[in-house]
Amino acid sequence: MAWKLIVRAGSEVERSRYDQLDDALEALEARARALAEDANDSVVDLKFRRFEPAEQVVARLELSGPERVLPKVRAGIDVRGDGSTEAYLGHVKRDMVAEGKVDGTYRALRRALSPGGRAG
């Protein structure tokens, strides 16, 4: 059993596997922080609608596991065009993970994936 991390940034897709959830979460956080720093904060104007940077998902990092087939846990981080991040649980239907008063996005995702959390 392993944890799979898929990073989609623009047209590029990266895949990696980790034996432990903590290792996968550390890799997810490091990669998401790097992508958030490099986020393009330009407005997309399609003439009939404008998309502000906060409305654009410039990268999606998806974590699944520990089973290879039909994983019990699916979660991830969306990186927005303005560099902000949002944690979510789920795959097709994504439920946003609420950040507490002291939690950041990454701590909120760890909390949700911990035993007794929303996904655990």
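The values are calculated or read from the model by the stated rules, or taken from the named source; none is laboratory data. A quick note: this is a predicted structure, and the numbers were derived from the prediction, not measured. Counting neighbours? That spans all protein chains shown, and the Cβs are built from the backbone with ideal geometry, glycine included. Surface areas here come from the heavy atoms of the whole protein model, side chains and all, with no ligands, DNA or RNA. Shrake-Rupley method; radii C 1.70, N 1.55, O 1.52, S 1.80 Å.
Among the criteria (1) over 15 Å from the mean Cα position of the chain (by Cα); (2) touching a residue at least 60 places away in the same chain (Cβ under 8 Å), the one Gly65 does not fulfil is (1).
Among the residues in segment 2-22, are any open to solvent by 70 Å² or more (accessible area, probe 1.4 Å), in contact with a helix residue (DSSP H, G or I) (Cβ under 9 Å, 6 or more places away or on another chain) and assigned to a loop (DSSP other than H, G, I, E, B)? Looking for residues that are open to solvent by 70 Å² or more (accessible area, probe 1.4 Å), in contact with a helix residue (DSSP H, G or I) (Cβ under 9 Å, 6 or more places away or on another chain) and assigned to a loop (DSSP other than H, G, I, E, B), one finds none in segment 2-22, hence no.
The residues of segment 65-113 that are farther than 30 Å from Ser42 by Cβ and open to solvent by 40 Å² or more (accessible area, probe 1.4 Å), listed by number, are Glu67, Arg68, Val69, Leu70, Lys72, Arg74, Lys101, Val102, Arg110, Arg111.
For Glu55, the conditions (1) touching a residue at least 12 places away in the same chain (Cβ under 8 Å); (2) open to solvent by less than 70 Å² (accessible area, probe 1.4 Å) are fulfilled apart from (2). For segment 40-52, filtered to residues that are of a type in the set (D, E, K, R) and not in a loop (DSSP other than H, G, I, E, B), the residue that is least open to solvent (accessible area, probe 1.4 Å) is Asp45. Among the residues of segment 1-32, those that are basic (Lys, Arg) and over 21 Å from Ser114 (Cα atoms) comprise Arg8, Arg15.
Of all residues in segment 68-120, those being assigned to a loop (DSSP other than H, G, I, E, B), under 13 Å from the mean Cα position of the chain (by Cα) and of a type in the set (Ser, Thr, Tyr) number 1. Among residues that are part of a strand (DSSP E or B) and in contact with a Pro (Cβ under 9 Å, 6 or more places away or on another chain), Ser64 is included.
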